[in-house]
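Since the structure comes first, as structure tokens, the remarks are kept for the end.
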Amino acid sequence: MKRIVSIQDISCIGKCSETVALPIISSMGVETAILPTSILSTHTAFSNFTFKNLSDEIYKIIKHWKEENFQFDLIYIGYTGTDEILDLVMYFIEQFKTDNNIVVFDPAMADHGKLYSGINKNIVEKMKGVCKKVDILRPNLTEASLLLEREYNEQYSVKEIENIAKELSNLGPKNVIITGVEENNKIGAIGYNGKEFCSNFETKYNVSYHGTGDVFTSSLAGSLVQNKSLEDAIKIATKFTTECVRLTYEDINGTKYGVNFEEAIPYLLKLIQKY
Ligand code: PXL
């Protein structure tokens, strides 16, 4: 069985990070180890959330895992939230990166032109350091602009996004996947593997939910360890994320703080068979 380690926070309520990665990746038949980097009462879009930094524990966990000689087919890094945690993430990569595994990095720090609560300039700088050490970088357009120190625009052409992907690749990662790309009233992602571009677009619903980036990256990671190509993994992740958004949109009791990914898991398993 393949094994992924998911390194991100536990937001106790809010359907993002570990509470999304663990069920999605496990449902794909892949062992999911978790390294929780912090624990929050909710994700940071709520007011008055609590935040407990688990840095002291992370170092001890890395030490134990090294002694046990654990290995990972894929290292998935999501929301980190502090520069101290980013330093530990870099240390984790040094300890566990091999020639045969894949490091996927979601520089979760901003969306729709705005930094998440609690994210500062130091964190953005540290993220650039992490980019040098990863195989796949998966930002949205706001995060891409921050990493490249470009102004964020509300609209981009596909050509502009392809150039952004190339520039991001120059920061270090061979592969770049930019999400939240809109084209002809559809929404999807553009991928770059250092040579070629690929993309997939699906129906756009005029809503915005938290955690869609985490749903996307979890299903992408679960696909990549099952030897799907970057292009097929992007297809699976965009189709699954869109289905999660549709189910939430059509749910009269749906919440805005996360998507109904649970109800879309049977569809995800069909996608894995198809691609
Ligand atoms: O989904 C990204 C994310 C992860 N973790 C925390 C967040 C967010 C986005 O707001 O606040 C704690």
Inset, instruction - Quickly run through segment 204-224 and pick out the residues that are of a type outside the set (Lys, Arg), more than 11 Å from the ligand (Cβ to nearest atom) and surrounded by fewer than 24 Cβ atoms within 10 Å (Cβ to Cβ). - result: Tyr205, Asn206, Val207, Ser208
Legend entry - Only one of Ser41, Ser55, Ser47 that is touching a Cys at 6+ places or on another chain (Cβ under 8 Å), surrounded by fewer than 16 Cβ atoms within 10 Å (Cβ to Cβ) and among the small types (Gly, Ala, Ser): Ser41
Inset, instruction - Quick one: in segment 193-203, of everything that is surrounded by fewer than 18 Cβ atoms within 10 Å (Cβ to Cβ) and touching a residue at least 12 places away in the same chain (Cβ under 8 Å), which residue is nearest to Gly254 (Cα to Cα)? - result: Thr203
Inset, instruction - Could you list, in sequence order, all residues of segment 124-152 that are out of contact with any Phe, Trp or Tyr (no Cβ under 6 Å at 6 or more places or on another chain), assigned to a loop (DSSP other than H, G, I, E, B) and under 22 Å from Ile7 (Cα atoms)? - result: Lys132, Lys133, Asp135, Arg138, Pro139
Legend entry - Index of the failed condition, Gly172 passing every other in (1) closer than 28 Å to Ile75 by Cα; (2) part of a loop (DSSP other than H, G, I, E, B); (3) open to solvent by 70 Å² or more (accessible area, probe 1.4 Å): (3)
Legend entry - Among residues of segment 239-253, those that are over 11 Å from Thr212 (Cα atoms), of a type in the set (A, V, I, L, M, F, W, C) and surrounded by 14 or more Cβ atoms within 10 Å (Cβ to Cβ), counted: 1
Inset, instruction - Please report, ordered by residue number, the strands (runs of 3 or more DSSP E) entirely within segment 48-106 with at least 3 residues that are more than 15 Å from the ligand (Cβ to nearest atom). - result: none
Inset, instruction - Would you please list the contacts, defined by Cβ atoms under 6 Å and residues six or more apart or on different chains, that run from a residue in segment 7-29 that is in contact (Cβ under 8 Å) with a residue 24 or more places away in the chain and open to solvent by less than 50 Å² (accessible area, probe 1.4 Å) to a residue that is of a type in the set (Phe, Trp, Tyr) and in a helix (DSSP H, G or I)? - result: none
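The values are calculated or read from the model by the stated rules, or taken from the named source; none is laboratory data. On a predicted model such as this, the values are computed, not experimentally measured, just so you know. Cβ: placed from backbone, ideal geometry, glycine included. Neighbour counts: every protein chain shown. Just so you know, the surface numbers come from the protein's heavy atoms only, side chains and all, with ligands and any DNA or RNA stripped out. Shrake-Rupley method; radii C 1.70, N 1.55, O 1.52, S 1.80 Å.
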